[in-house]
Each structure stands twice: as structure tokens, then as C-alpha cells.
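The values are calculated or read from the model by the stated rules, or taken from the named source; none is laboratory data. Owing to the predicted nature of the structure, the values given are computational and were not obtained by experimental measurement. Heads up, the Cβs are rebuilt from the backbone with ideal geometry, glycines too, and the neighbour counts pull from every protein chain shown. For the accessible areas, the whole protein counts, side chains as well, though only heavy atoms, and no ligand, DNA or RNA atoms are used. Shrake-Rupley method; radii C 1.70, N 1.55, O 1.52, S 1.80 Å.
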Amino acid sequence: MTTEASPRARGEQAREERVRRRRREILQAAARLMEESGYHAVSMQAVAEQAEISVGLIYKYFGNKEDLLRAVIVDILEDFQERVPAAIEAAGTDPVERLFRGFQEFCRVIDAKLDATVLAYRESQTLDVEGRRQLMELEIQTAAPIKQAVVDGIAQGVFRDVDPDLVTHNIALIAHGWALKHWNLAGRFDVDQYVEREFKLLLAAILQATTA
């Protein structure tokens, strides 16, 4: 038997959804403007106008422009943390399929946030020491499921005895390359076609040779 949520609970859920939606709109507007014009050229007022809200509302969520920049970048990393491990686990037990699905989801997150990804490359050094440290820690955490998929594949004899850190590093670079070179690549592939072709190249380098 299920019980319906109380009016108060439904109201709270609706409020939380509005907050999430508004915050997402602010981050998207900031990423777009900062990627186009550069972090220093963009004002909080310009972000407010792009998001079609008051500048005062932005300050309810973010203390200053640096906080907003950091939130744009962290938002991508949090998507990696949530979606990549889930995709790997849903792939079953085959090491190749697990690595492929993790790589695919990594690229799909980037595809959904192209402006923010490019912005992260351009402007992450603008953050203070603590902000940069937070991003580095998050990057290590988000890469961990990909690395583990490589380690497991090596342990099962499916992948060669390669350096898992370097393989993970290359996967991240390939994924980010979809955003950084999207102006060129998008004329030839969609994101899933890009993933399939790049993964074939990657697999050729790490797959254990089989003997007939």
C-alpha cells in the first residue's frame, strides 16, 4: 500500500525542483557567456540577463563570480561521479563492455555540457588555490571508476599489462577532445559515432592478443 505525500511534502518537493531548475539555468547561462567572452569579461548582471532572472537571485545561490565559475566546473564533475559508475555497473561483467560504457557515458556528459567543458580548460587556473585543489580531487575521484575497469580487465587477462593511470588519462583526453575540437568533429560524427571509433583505436592498443 502506498501513501500519498502530504501537501507540505509535495510543496517542498516542488520548491526543491524549482531551485534545481533555476540553478541549472544559471550555470548554463554562465558557461555559455564565459566560454564565448572569457571569464573576466562577463559580469554577474550579464549572466542574469542571459538566464532571464534578477542579479539578486544569482547571489542567493553564488557568493561571487568565482564561486559561479567553480560551480560550473564542479557541475560537470558531479555528473561524471553520478553517471559513469552507474553506466559501468549496468554493463555487466565483461571488461570490454564495462570500459566501453564508462567511456561512452563520460563522453555523453561532456556532449551535454560542451560550453562548460571548454570553459573548464580555459579558466580553471583563475580559481584560488582551494578551488583548484577541489577540482583536482574531484577529477581523481571521477576517473577512479574508469581506472578500476582497466585494472579489472588486466586482472582477468583481457587487457594487456598496461599502465592503468595512463590508459585512464588517455580516455579523459579523448573524451574532452570531443568538446575542444567539436567545431571540427561534429561535422563528421555524432557523439556515439565518435565514441565507437575512438574506442576501437583504444582497444587495439590495450586488448590482450589471442592465440588461435
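In sequence order, the stretch 69-86 has phi-based couplings of 4, 4, 5, 4, 6, 4, 4, 5, 5, 5, 5, 4, 4, 7, 8, 5, x, 5 Hz under the Karplus curve 6.51 cos²θ - 1.76 cosθ + 1.60, θ = phi - 60°, and Gly or Pro positions carry x.
Please determine, in degrees from 0 to 90 and to the nearest 10, the orientation of helix 129-155 with respect to the longest principal axis defined by the Cα atoms of the chain, where the helix direction is its Cα long axis. Approximately 30 degrees, to the nearest 10. Eigenvalues of the alpha-carbon gyration tensor of the chain, scaled by 5 and square-rooted, set the equivalent ellipsoid semi-axes at 35, 23, 15 angstrom, largest first.
Note down the relative contact order for the stretch 105-212 as a percent, whole number, built from C-alpha pairs under 8 angstrom at least six residues apart. Here the relative contact order equals 40 percent. In this view, the solvent-accessible surface of V129, computed with a 1.4 Å probe and all protein chains in place, comes to about 80 Å².
Oblate is the label for the stretch 123-212. Its Cα gyration tensor axes, ordered a ≥ b ≥ c, give a/c of at least 1.5 and b/c at or above a/b. Taking all protein chains together and a 1.4 Å probe, the residues H169, H40, H182 rank H40, H169, H182 from largest to smallest accessible area.
Relative contact order for the chain: what is it in percent, counting Cα pairs under 8 Å that are at least 6 residues apart? This gives 20 percent for the chain.
Taking Cβ atoms as reference points and 13 Å as the exclusive limit, the residues near E130 contribute a net charge of -1, counting Lys and Arg as +1 and Asp and Glu as -1.
When shorter helices are ignored and each DSSP H run of at least 4 residues is given -39500 (n - 2.57), the per-residue value for the chain at 222 nm works out to -26000 deg cm²/dmol. Taking all Cα pairs closer than 8 Å and separated by 6 or more residues, the relative contact order of the stretch 61-159 comes to 38 percent. Charging the Cβ of each Asp and Glu at -1 and of each Lys and Arg at +1, and nothing else, the dipole of the stretch 1-132 about its Cα centre rounds to 360 debye.
Enumerate the lysines that K200 could reach by cross-link, defined here as Cα to Cα under 27 Å, with residues fewer than 8 away along the same chain left out. Straight-distance partners of K200: K113, K147, K181. Rounded if a/c is under 1.5, else prolate if a/b beats b/c, else oblate: with a ≥ b ≥ c from the C-alpha gyration tensor eigenvalues square-rooted, which is the stretch 1-121? Verdict is oblate for the stretch 1-121.
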